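The values are calculated or read from the model by the stated rules, or taken from the named source; none is laboratory data. Here the structure is a predicted model, which means the values were calculated and not measured. Cβ placement follows ideal geometry from the backbone for every residue including glycine, while neighbour counts extend to all protein chains displayed. Surface areas here come from the heavy atoms of the whole protein model, side chains and all, with no ligands, DNA or RNA. Shrake-Rupley method; radii C 1.70, N 1.55, O 1.52, S 1.80 Å.
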Amino acid sequence: MNAIEVDHVSRIYQKYSARHRFQTFKSALVKGDLFRALRPDELVTALEDVSLNVEKGQTFGVIGENGSGKSTLLKVIAGIAKPTKGRVRTEGKVSALIELGAGFHPEISGRENIYINGIMLGLSKKEINAKFDEIVAFAELEDFIDAPVKTYSSGMYMRLGFAIAINVNPDILLIDEVLAVGDASFVPKCLDRIDDFRRREKTILFVSHDLNTVAKICDDVAWLKGGRVQAVGEPKRIVDAYLQDVAEKQEKDFEKRRQEPAGIQEEDKGRRENRWGKREIEISRVSLKSLAGKEKSVFSPDEGMVIEMDIAAPSRQQDFVFGIGIFNSQGISCYGTNTHLEDYEPVSIEGEGKVVCRIERLCLINGTYYLDVAAHKKDGYPYDYHRNLYSFMVSSSLRDEGIARLPHGWEFSENIKIAPPKKA
Amino acid sequence: MARFFHNLNELYKFRVLIQNLVVRELKARYRGTVLGFLWSFFNPLLLMIVYTVVFGFIIRPRDPAFNQSPLLYALFLFCGILPWVWFSSSSLESANVLITHGNLIKKILFPAEILPVVTVTSNFVHFSFGLPILLLFILIFGKGFTAYVFLLPLVILVQYVFTLGFSLLIASLTVHFRDIKDILSNWLTFWFFATPIVYPMSFETIQGSSLLRTFLNLNPMTHIMQGYQNCLFFGSMLRWKRLGVTFIVALILFFIGAMVFDRLRDSFPEEV
């Protein structure tokens with residue numbers, strides 16, 4: 001049985017326009033266009049002919065770039081926004097975690113806000129009474145529950161919002177990126193709760209940019225692109241396809257920037273946010289390949305990776321260093337090195353060439369990683385620095401944690417009875 | 001029409017939320033003030049003192065109804081100002097309510113009508129806090145009560161429906177036309193003086209001009225205010241026909257307000 005049915009839904013928004021914004025009551029009366037039909041050039045299509053079916057008990061992920069319509073889809077399913085065309089049907093109580101603590105009033109206490117927010121989300125007073133202590137304990141706010149919410153830190157605010165929303169006990173839970181703001185100890189707690197939901201066969205619609213979590217917890221994933229459903233299906237396949245698409249797009253952007261007329265480039269040089277340097281030595285192209293030489297963006301931890309940089313040095317340089325840096329999605333440096341640190345001594349470079357960094361085995365945990373590549377002087381003066389311009393994903397069925405997957409094995413003495421993992 | 005009743009039913013389903021939001025509104029408004037809820041009483045009282053000084057002592061009350069007594073005049077004023085403050089603060093706050101609570105409309109699914117309903121209702125609670133004080137004053141300084149005081153709830157009902165209709169209309173239109181806020185405060189000042197609050201309907205200039213009389217009679221607030229003055233100050237019978245017609249007007253306004261609100265509802269999350 002389907003818990004959520006989205007049937008050919010389109011959602012059209014009006015574009016922000018200064019003229020409309022400052023339209024006055026008088027002018028509307030004069031023109032008689034109080035309910036006027038909107039002209040097509042003022043419209044933005046956020047969703048276009050989207051059809052999805054989510055089965056009951058399924059955890060369904062929605063991924064896509066910013067502005068691809070994910071949040072709009074969630075709002076349409078929650079009923080907050082009406083579809084312009086099409087129909088949405090949901091089975092059971094829907095609770096939407098779109099923004100935590102959206103209904104809080106800063107002047108009154110946490111206790112009173114729990115009641116009001118709870119009622120807004122569809123709980124009865126009795127239900128709140130029964131769950132009150134649990135909510136407070138989950139939010140870790142025992143000592144502050146009678147203080148006005150305006151005195152809360154943003155972390156406390158968020159915890160309280162989540163604690164209420166998760167206790168609404170809906171049949172369908174819609175989650176929009178709300179976990180992105182939690183601290184390291186709270187997010188696992190929230191994920192625990194979501195797991196609990198899954199075990200109880202509730203339906204979850206999960207919108208996130210954290211592809212790792214999506215791939216881990218979802219049964220099915222839909223990929224939205226420009227308001228349309230690009231693909232639906234098995235999480236890993238969809239996530240891979242999405243990453244491939246993102247990589248291609250970045251590739252294209254990069255290509256476009258490279259082909260920009262010299263004049264503009266001159267002016268822009270050194271100012272672009274993610275790329276700087278005067279390009280006395282230019283990194284004109286970067287590609288990520290498997291050890292066998294095939295371009296790809298999703299790797300397994302046991303796999304190797306080849307970073308290939310096309311280099312162009314219009315004039316002769318004698319002081320140069322090539323470097324790479326790998327960062328995870330939290331911006332933590334996982335690994336960084338350069339030719340100078342490894343005691344390569346530059347002699348000279350001129351014309352076009354190729355630099356290849358060959359990593360025999362990635363040994364990273366699952367996740368999305370960003371790559372810095374750079375050509376610079378020994379003292380750090382940048383020729384061409386690409387900051388986080390490339391990304392790749394490490395994906396596998398392994399569930400270990402940390403930053404790196406250290407090569408390891410387990411050994412047990414004979415008196416410990418432990419079954420080895422079943423090989424898939 | 002069916003939609004209208006469907007929406008009313010939705011509102012009824014959310015009555016616990018309305019009740020809680022009203023309590024929250026009342027608690028939050030006076031949080032941190034020394035006098036707290038007493039402000040519900042002091043605000044109209046201070047306003048009354050200003051009008052008593054100006055119209056009672058400086059421009060002496062000429063109407064025979066007041067016996068040349070500034071105190072009686074002050075009581076008469078209070079009968080009108082207290083409900084007027086309910087009406088005017090409700091409509092002024094409603095003009096802002098959807099915009100200031102924009103995050104609710106955008107992020108949580110609940111009928112947006114609740115917001116103006118809560119505004120009108122919490123202002124009604126302020127009004128009812130002031131009411132016992134007014135009754136007490138009339139008992140001590142005034143002519144005392146007649147049995148007609150028990151008709152007061154009827155007048156309050158008419159005003160409640162009228163205020164709610166007006167507030168729904170204002171709230172929904174202001175989302176699209178922000179200038180209403182500024183027009184409204186000026187319009188309310190005009191409306192205040194176009195309603196027999198600082199002067200009685202029996203005032204000689206009014207009775208002397210049929211044009212003025214017709215004008216005032218076309219104003220629904222005239223009959224509502226007269227209802228209060230009749231029940232409380234004059235101790236006389238309500239004017240059934242006029243109040244009845246006003247009630248019908250109030251119901252029509254409420255219907256129009258609710259329909260416009262419903263028509264514009266879907267645009268709120270985008271516009272606020």
Original post:
With the Cα gyration tensor of chain B giving a ≥ b ≥ c as the square roots of its eigenvalues, does the rule (a/c under 1.5 for rounded; else a/b larger than b/c for prolate; else oblate) give rounded, prolate or oblate?
Top reply: prolate
Subject >> Heavy-atom surface of the stretch B:2-148, accessible at 1.4 Å and reported per residue (Å²) >> reply: 46
Subject >> Cβ-derived FRET efficiency at R0 51 Å, A:Asn2 paired with B:Lys241, nearest 0.05 >> reply: 0.30
Original post:
Gap in Å between the Cα centre of the stretch B:32-58 and the Cα centre of the stretch A:362-389?
Top reply: 70
Original post:
Once amide H atoms are built 1.01 Å from N in the peptide plane, which residues 5 or more positions from A:Phe299, or in another chain, come under 5 Å H to H?
Top reply: A:Met393, A:Val394, A:Ser395
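Residue by residue through B:101-108, how many Cβ atoms from other chains fall within 10 Å of the Cβ on average? Could the numbers behind the result be given before it?
On the way: counts 3, 1, 5, 5, 2, 6, 12, 13.
Taking all residues of B:101-108 together, the mean is 6.
Return the ratio Rg/(2.2 N^0.38 Å) for the protein assembly as shown, where Rg is computed over Cα atoms only. Write down the numbers at each step before the final one.
Working: Rg = 34.2 Å, N = 696, 2.2 N^0.38 = 26.5 Å.
Taking N as the residue count of the protein assembly as shown, the ratio is 1.29.
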Original post:
Sorted by average packing, counted as other Cβ atoms within 10 angstrom per residue and highest first, what order do B:90-103, B:206-219 take?
Top reply: B:90-103, B:206-219
Subject >> Computed P(r) (all Cα pairs; the stretch A:117-168; 5 Å bins; percent) >> reply: 4, 22, 32, 25, 14, 2
Original post:
What is the list of residues in the stretch A:352-394 whose amide nitrogen lies under 11 Å from a point 7 angstrom out from the Cα of A:Lys249, following Cα to Cβ?
Top reply: none
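Expressed as a whole percentage, what fraction of the accessible surface of the stretch B:2-271 belongs to carbon and sulfur atoms when a 1.4 Å probe is rolled over the protein heavy atoms? Show your work: numbers first, answer last.
On the way: 8430 of 11970 Å².
Percent of accessible area from carbon and sulfur atoms in the stretch B:2-271: 70.
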Original post:
How far, in degrees from 0 to 90, does helix A:154-166 lean away from the longest principal axis of the Cα atoms of chain A, to the nearest 10?
Top reply: 60
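For A:Arg237 and A:Asp183, what is the calculated FRET efficiency with R₀ set at 30 Å and r taken between the beta-carbons, to the nearest 0.05?
On the way: r = 33 Å, r/R0 = 1.08.
Approximately 0.40, to the nearest 0.05.
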**OP:** Straight distance only, please: which aspartates and glutamates reach the Cα of B:Lys143 with their own Cα at less than 20 Å, same-chain residues fewer than 8 apart left out?
**Re:** B:Asp63
**OP:** Could you tell me which of rounded, prolate or oblate describes the stretch A:324-385, using a ≥ b ≥ c as the square roots of the eigenvalues of the alpha-carbon gyration tensor, with rounded for a/c under 1.5 and, failing that, prolate when a/b is larger than b/c and oblate otherwise?
**Re:** prolate
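Let me confirm one metric for peptide B:26-35, namely the mean number of other chain beta-carbon atoms within 10 Å of its residues' beta-carbons. Before the final figure, lay out the partial values.
Numbers: counts 0, 5, 6, 1, 1, 6, 2, 0, 0, 0.
Mean partner shielding for this stretch: 2.
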**OP:** Can you tell me the 0 to 90 degree angle between the C-alpha axis of helix A:235-259 and the longest principal axis of chain A, rounded to 10?
**Re:** 50
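Just to verify a number: FRET efficiency for A:Lys56 and A:Glu134, C-beta to C-beta distance, R0 = 25 Å, to 0.05?
Between A:Lys56 and A:Glu134 the formula returns 0.45.
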**OP:** Using the Karplus curve 6.51 cos²θ - 1.76 cosθ + 1.60 with θ = phi - 60°, work out ³J(HN,Hα) for each residue of the stretch B:90-98 in order, rounded to whole Hz, and write x for Gly and Pro.
**Re:** 4, 6, 5, 5, 5, 4, 9, 5, 6
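Rank B:Val149, A:Val221 by accessible area, highest first, at a 1.4 Å probe radius? Walk me through the intermediate numbers first.
Details: B:Val149 30, A:Val221 0 Å².
Most to least solvent-accessible, the answer reads B:Val149, A:Val221.
Could you work out the local net charge near A:Glu65, counting Lys and Arg as +1, Asp and Glu as -1, over the other residues with Cβ closer than 12 Å to its Cβ?
Details: positive: A:Lys70, A:Lys225, A:Lys249; negative: A:Asp245.
Spelling it out: positives minus negatives among the neighbours equals +2.
What is the dipole size for the stretch A:2-248, taken about its Cα centre, with +1 at each Lys and Arg Cβ and -1 at each Asp and Glu Cβ, in debye to the nearest 20?
Working: 33 positive and 35 negative charges, 238 e Å.
Taking the Cα centre of the stretch A:2-248 as origin, the dipole is about 1140 debye.
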Original post:
Among A:Cys190, A:Cys363, what's the order by accessible area (1.4 angstrom probe), most exposed first?
Top reply: A:Cys363, A:Cys190
Original post:
Which whole number gives the average, over all residues in A:341-351, of C-beta atoms from other chains lying within 10 Å of the residue C-beta?
Top reply: 0
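Applying a 10 Å radius around every beta-carbon, put A:109-115, B:115-121, A:228-234 in order of their mean neighbour count, most first. Walk me through the numbers on the way to the answer.
Values: A:109-115: 21.3, B:115-121: 24.9, A:228-234: 15.4.
In descending order of packing, they fall as B:115-121, A:109-115, A:228-234.
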**OP:** Using Cα positions and a limit of under 26 Å, work out the lysines in reach of A:Lys377, with same-chain residues fewer than 8 apart set aside.
**Re:** A:Lys269, A:Lys278, A:Lys354
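Kindly rank B:72-79, A:77-84 from highest to lowest mean number of other beta carbons found within 10 Å of each residue. Mind dumping the intermediate values first?
Values: B:72-79: 24.5, A:77-84: 19.2.
The packing order, highest mean first, is B:72-79, A:77-84.
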Subject >> Between helix A:110-120 and chain A: long-axis angle, C-alpha atoms, 0 to 90°, nearest 10 >> reply: 80
Original post:
Setting aside same-chain residues fewer than 8 positions from A:Lys85, which lysines have a Cα under 29 Å from its Cα?
Top reply: A:Lys15, A:Lys31, A:Lys56, A:Lys70, A:Lys75, A:Lys93, A:Lys202, A:Lys225, B:Lys13, B:Lys106, B:Lys107
Subject >> Debye, to nearest 20: dipole size of chain B, +1 on Lys, Arg Cβ, -1 on Asp, Glu Cβ >> reply: 360
**OP:** Just subtract the alpha-carbon distance of B:Leu212 and B:Ala28 from 0.36 nm times their residue separation and send over the number in nm, one decimal.
**Re:** 62.0 nm
Subject >> Long-range HN-HN contacts of A:Gln58 with modeled amide H, under 5 Å >> reply: A:Ile204
